[in-house]
Amino acid sequence: MILVVCLNPALDVTHDVAAVDWAGVNRAHTVHTRPGGKGVNVARTLRAIGADALVLGLAGGLTGTAVEAALGRLGLPAELTRIEGETRRTFTVVDGQRGTSALFNEPGPDVGGGEFGAFRARYEAALPRAAAVVLSGSLPPGLPAGAYATLAGLATAAGVPVVLDTSGEPLRLGAAAGPAIVKPNLAELEALAGRPLCAARAGGLAEVAAADGPDPVTAAAGDLVAAGAEAVVVSLGPGGLRAVTAGGVWQAVPPAVVPGNPTGAGDAVVAALTFGLVSGQPWEERLRHAVALGAATAAAPVAGEFRQADYARVLTGVTVSRKEAA
Ligand SMILES: Nc1ncnc2c1ncn2[C@@H]1O[C@H](COP(=O)(O)OP(=O)(O)OP(=O)(O)O)[C@@H](O)[C@H]1O
Ligand SMILES: [Mg+2]
């Protein structure tokens, strides 16, 4: 079983409106409600590719109850620790006429130290059954930046490999706790490095030229490896993935840029990398599946969903090349 930690889940509400009047009353012709948050996306993708996932998270108030019920309707096993604050909602308004959508995201409840302690006890109880742990998404307000580092440290001490996908200080601290894989996207890696790593150019991104030594993305990922991560996989949007590991550096590229909604593509990558980790796939194979799942998810309208046919089609066209030895 793969343990997927979701400390700040959400109830994602989407209103489809024919043409939005931003100064008037709008009537949605369709309303979708689904459980959200990055961990939930990862767990859904894991299940879709045949892995057992258990969502371990926090839930509070009526929205927390709704998230729990929605997870049950999807058939996703979850153990949610009750908290006092109200679980957050995200609200998306899709404007059919303009073809645009606007997202409104609540920050999430303030989580107290006692509540995190109760969560941690359930997490430690579940660890012996876990083949891997996924720590994914932002931390809710109130939790210290080192919360993921604490959870990663407990898992690695128990011999359970950790896949970490977050940003900022929680990423920096978490990487030092020895996760098996860290997956920043380019913006997250640049924020951590404190410098631009790629420059915009017609048709895509080009890495900022390096005077000598490894290219800038590999160098910045290498810093995270030096800090304690066993491997760093940087997602570069339509540019694919760069993996920096003790055994070498790889680049995996999708066959084509997919037009669509890339939100959640990174979560699909995390699911594929975790599945590859627990099933012992070699890096080339892991990256091939991760890029294909990312592209298939970008092609689907809803975050956390993809069509198996897209996944299978892209999989045959992914190019994986070894850039350099470590
Ligand atoms: N438009 C696209 N066309 C083809 N492949 C894509 C596209 N967008 C994303 N991908 C694939 O999915 C991977 C993950 O995407 P991205 O780098 O956008 O992750 P992310 O920013 O972490 O996303 P999120 O956090 O919203 O899930 C990419 O590395 C790439 O392999
Ligand atoms: Mg991401």
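Shape of region 1-75 from its Cα gyration tensor (a ≥ b ≥ c, root eigenvalues): rounded if a/c is under 1.5, otherwise prolate when a/b > b/c, or oblate? Taking the square roots of the gyration eigenvalues as a ≥ b ≥ c, region 1-75 is prolate. Under the convention that each Lys and Arg Cβ holds +1 and each Asp and Glu Cβ holds -1, the size of the dipole of the chain around its Cα centre is about 540 debye. Accessible surface calculations at 1.4 Å, restricted to protein heavy atoms, place region 160-299 at 36 Å² per residue. The local environment of ALA19, defined by Cβ-Cβ distances under 13 Å, has a net charge of -1 under the rule Lys, Arg +1 and Asp, Glu -1. For region 53-102, DSSP calls about 35 percent of its internal beta bridges antiparallel. With both residues required to sit in the chain, DSSP beta bridges show an antiparallel share near 50%. Amide hydrogen proximity for SER101: with H placed 1.01 Å from N in the peptide plane, the residues at 5 or more positions away or on another chain lying under 5 Å are ASP95. Among 39-50, 285-296, 79-90, sorting by the average number of other beta carbon atoms lying within 10 angstrom of each residue, highest first, gives 285-296, 39-50, 79-90. For a test of the definition: using alpha carbon positions, the gyration tensor, and the 1.5 limit on a/c, classify the chain as rounded, prolate or oblate. Judged from the Cα gyration tensor, the chain comes out oblate (a/c at least 1.5, b/c at or above a/b).
Extension gain for the segment ALA256 to SER167, taken as residue separation times 0.36 nm less the Cα-Cα distance, is 29.3 nm to one decimal.
Taking K and R as +1 and D and E as -1, what net charge do the other residues with C-beta under 13 Å from the C-beta of ALA118 add up to? Neighbourhood net charge equals -1. Using the Cβ of THR87 as centre and a radius below 14 Å, the other residues enclosed give a net charge of -3, where K and R count +1 and D and E count -1.
Is the C-alpha gyration tensor of region 82-180 telling us rounded, prolate or oblate? Criteria: a/c under 1.5 is rounded; beyond that, a/b larger than b/c is prolate, otherwise oblate. It is prolate, given that a/c is not under 1.5 and a/b is the larger ratio. Using the charge dipole of the chain (Lys, Arg: +1 at Cβ; Asp, Glu: -1 at Cβ; taken about the Cα centre), state which of ALA187, LEU164, ALA299 has its Cα farthest towards the positive end. Going by the Cα projections, it comes out as ALA299.
The values are calculated or read from the model by the stated rules, or taken from the named source; none is laboratory data. All figures in this text were calculated on a predicted structure; none of them were measured in a lab. Counting neighbours? That spans all protein chains shown, and the Cβs are built from the backbone with ideal geometry, glycine included. Heads up: the accessible areas ignore ligands, DNA and RNA and are worked out on the full protein's heavy atoms, side chains in. Shrake-Rupley method; radii C 1.70, N 1.55, O 1.52, S 1.80 Å.
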